[in-house]
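A short worksheet on the structure shown next.
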Amino acid sequence: MKRIKAKNFVAKLLESILVIGYILFEELIWDVFAKPIFQYIKSLVVLDSLKKIFLKMNRHLLLTVFIVILAITEAMGFLSGFCFINGYILTGMGVYACKIPIAAFTFWLFDLTKDKLMTFNWLKTSYNYIMGVIEKFINSSIHISIKTQISTIRTKIKSLVIEYFGEDGFIVSVKSHYLVFKPYILNLLKR
């Protein structure tokens with residue numbers, strides 16, 4: 001009985017760690033950095049000529065290009081993790097920062113050529129499997145619970161910021177205080 005409880009505890013703990021990691025990735029990396037870059041890349045007029053090239057490209061060549069870019073992106077992710085583990089935090093952050101635009105380009109390429117890439121049955125099967133796992137993960141009770149708690153905390157923080165710093169927020173409050181106190185401080189420094 002104790003072994004079953006211990007196994008359940010370890011399973012729930014691992015699931016919680018995975019969910020928290022996924023939420024942090026989604027909230028910080030994707031929403032803050034990658035998604036805006038992805039939207040920016042989609043809007044670039046410069047890419048119109050590339051769009052035409054990719055859409056006309058032979059499906060095998062397209063798959064090769066996609067896999068090479070995806071492999072580079074994943075290699076950069078592993079390299080940044082390796083740097084972090086070995087204590088090279090700034091280097092790891094730099095590599096990961098460089099990875100984000102390449103990953104956004106990869107998303108753009110996949111989004112653009114999805115119909116042609118999905119003609120490969122193994123890729124379509126893999127894609128559907130991964131999306132199914134992500135869907136189960138997102139709909140799990142622990143993910144929903146943690147996401148709800150994060151949303152509640154975020155709402156409380158926003159209400160505290162509004163309560164203490166007004167509708168405009170902390171930065172505007174600091175700037176207004178700076179402008180009020182600046183003449184007095186300059187006056188004191190002149191003496």
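Every number in this text was worked out from the coordinates using simple rules, so none of it is lab data. Since this is a predicted model, take the numbers as computed values, not measurements. As a convention, Cβ positions derive from the backbone with ideal geometry for all residues, glycine included, and neighbour counts pool all protein chains shown.
Taking only the Cα atoms of region 65-191, how large is their convex hull per residue, in Å³?
Value for region 65-191: 225 Å³ per residue.
Do any chymotrypsin sites (Phe, Trp or Tyr not before Pro) in region 55-109 lie in a DSSP loop with no more than 15 other beta carbon atoms within 10 Å, and if so, which?
For chymotrypsin sites (Phe, Trp or Tyr not before Pro) across region 55-109 that sit outside H, G, I, E and B with at most 15 neighbouring Cβ atoms in 10 Å, the list reads Tyr88.
To the nearest 0.05, how large is the calculated FRET efficiency for Asp48 and Thr91 if R₀ is 25 Å and r is the Cβ-Cβ distance?
Rounded to the nearest 0.05, the efficiency is 0.10.
Using only the alpha carbons, work out the radius of gyration and Dmax of region 67-106 in angstrom.
Rg, Dmax (Cα atoms, Å): 9.9, 30.
How far is it, in nm, from the label point at Ile138 to the one at Gln39 when both lie 7 Å from their Cα along the line to the Cβ?
1.7
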